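Notes to accompany the following structure.
The values are calculated or read from the model by the stated rules, or taken from the named source; none is laboratory data. Everything numeric here is computed off the predicted structure, so don't read it as measured data. When we count neighbours, we look across all protein chains shown, and the Cβ atoms used for this are built from the backbone with ideal geometry, even at glycine. Heads up: the accessible areas ignore ligands, DNA and RNA and are worked out on the full protein's heavy atoms, side chains in. Shrake-Rupley method; radii C 1.70, N 1.55, O 1.52, S 1.80 Å.
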Amino acid sequence: MLLTHLKPGMKLAKDVYLDDGRLLLLSGFIIKPMYIKKLKLFNVPFVYIREGEDIPESEVCEEEVYREASRNIERVLKCVRDGKDIDTPAIKDTVNAIVKKVLENESAFMQLTGIRDIDSYTFLHSLDVCIYSVITGKALGMHRKDLTQLGLGAILHDIGKCKVPLEILMKPSKLTEEEFDIMKQHTVYGHDIIKNSPGLNETIASIACRHHEKWDGSGYPMGLKEYQIDIFSRIVTTADIYDALTSDRVYRRKNLPHEASSYILCNSSILFDPDISDAFIKNISIYPQGSVVVLNTGEVGKVLKEYRHMPERPKISVIACREGPPVLNPYIIDLLKAPDTFIVDILSSY
């Protein structure tokens with residue numbers, strides 16, 4: 001089928017290789033908008049499609065929801081930095097779409113989160129924190145109305161950083177004590193911005209104010225502890241730290257997802273609400289099915305199965321190598337049975 005006729009939801013019938021022998025997409029992959037862009041980028045003229053096996057486009061629309069959400073939060077952050085009001089209707093539409101998709105399928109966005117560059121960190125971080133928070137809230141039994149409030153607070157939790165000088169926000173080294181005091185004010189700025197925005201409320205504003213409070217009282221700006229911190233803020237705190245740890249920053253390299261998860265668990269009942277930590281770890285896929293990882297052997301593989309009791313040791317289909325000849329026949333490595341093989345990086349979905 002020519003690319004001009006290719007639509008999201010179609011299923012590949014054959015592997016797609018580039019002219020130099022590299023594997024681009026595997027047989028059986030469901031076509032998504034980003035795959036069509038990738039095929040065009042590499043000038044692939046046509047692909048083979050399985051007839052009669054199309055997936056409804058509604059089931060692959062999470063990528064467009066994610067992209068539209070990222071565009072909205074980027075616009076909102078720019079408006080606030082320019083002294084304009086938050087586009088409340090656009091943000092509410094964004095969060096409602098995320099809540100709807102998570103209620104339908106909590107793993108819908110898992111292959112999309114965490115894939116970003118340093119320049120896009122600020123707005124994609126806010127979006128991913130929103131997704132992780134809503135998934136956790138759902139696991140804790142929250143109703144849709146509360147999930148929407150949680151999502152709005154999560155997606156706007158860092159809005160106060162728009163009032164922090166860029167030379168501090170983007171400093172590539174450790175902040176001085178004075179600079180850190182200025183940075184900490186973003187929680188107060190965020191509270192004020194949201195509180196004064198039509199259509200938003202104190203519950204949402206409190207999340208921006210309290211998402212750096214810690215279970216043991218060591219956080220800021222008020223040094224609240226345990227249940228003095230509202231449950232929405234306690235959820236966003238956990239999601240915020242996990243996402244920050246798994247992201248490249250101007251001053252450090254990212255941690256792998258299982259390393260960030262270990263940090264959350266080790267600091268449960270210290271920095272994080274233990275019940276929320278437990279719900280978060282049990283419901284956030286560390287290496288979601290379909291994600292692409294790099295092994296210490298140089299092999300690149302697609303995650304086929306994540307084991308609940310050992311999520312850092314998934315079953316993988318090796319589809320390529322970073323060096324050496326292409327992998328013409330993908331093969332399986334079960335990391336549970338390969339103790340000397342482990343994940344060293346995670347890439348965007350193929």
Inset, instruction - Please determine, by comparing only the residues of the range 68-79 that are free of Cβ contacts under 8 Å to residues at least 12 places away in the same chain and charged (D, E, K, R), which one is surrounded by the fewest Cβ atoms within 10 Å (Cβ to Cβ). - result: 78
Legend entry - Pairs with Cβ under 8 Å, 6+ apart, first in the range 221-242 and more than 21 Å from residue 286 (Cβ to Cβ) and in a loop (DSSP other than H, G, I, E, B), second among the hydroxyl-bearing types (Ser, Thr, Tyr) and open to solvent by 10 Å² or more (accessible area, probe 1.4 Å): 230/203; 230/206
Legend entry - Residue within the range 310-317 that is crowded, with 20+ Cβ neighbours inside 10 Å, in contact (Cβ under 8 Å) with a residue 24 or more places away in the chain and under 21 Å from residue 234 (Cβ atoms) present: no
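Kindly establish whether residue 161 is out of contact with any Phe, Trp or Tyr (no Cβ under 9 Å at 6 or more places or on another chain) and at pLDDT 90 or above. Steps first, please.
Values: out of contact with any Phe, Trp or Tyr (no Cβ under 9 Å at 6 or more places or on another chain): no; at pLDDT 90 or above: yes.
When the stated conditions are applied, residue 161 does not pass them.
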Legend entry - Among (1) touching a residue at least 12 places away in the same chain (Cβ under 8 Å); (2) open to solvent by 10 Å² or more (accessible area, probe 1.4 Å); (3) among the charged types (D, E, K, R) - the single one residue 213 does not satisfy: (2)
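For the range 176-190, enumerate the residues that are in contact (Cβ under 8 Å) with a residue 24 or more places away in the chain and open to solvent by 30 Å² or more (accessible area, probe 1.4 Å). It would help to see each step written out before you state the result.
Taking the range 176-190 first, the residues in contact (Cβ under 8 Å) with a residue 24 or more places away in the chain are 184-190.
Within the range 176-190, 184, 185, 188, 189 meet the criteria.
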Inset, instruction - Output the number of residues of the range 219-260 satisfying the condition of being buried (at least 17 other Cβ atoms within 10 Å of the Cβ), in contact with a Gly (Cβ under 9 Å, 6 or more places away or on another chain) and over 18 Å from residue 128 (Cβ atoms). - result: 2
Inset, instruction - Considering only the range 261-272, state which residues are among the aliphatic types (A, V, I, L, M), open to solvent by 30 Å² or more (accessible area, probe 1.4 Å) and closer than 23 Å to residue 306 by Cβ. - result: 265
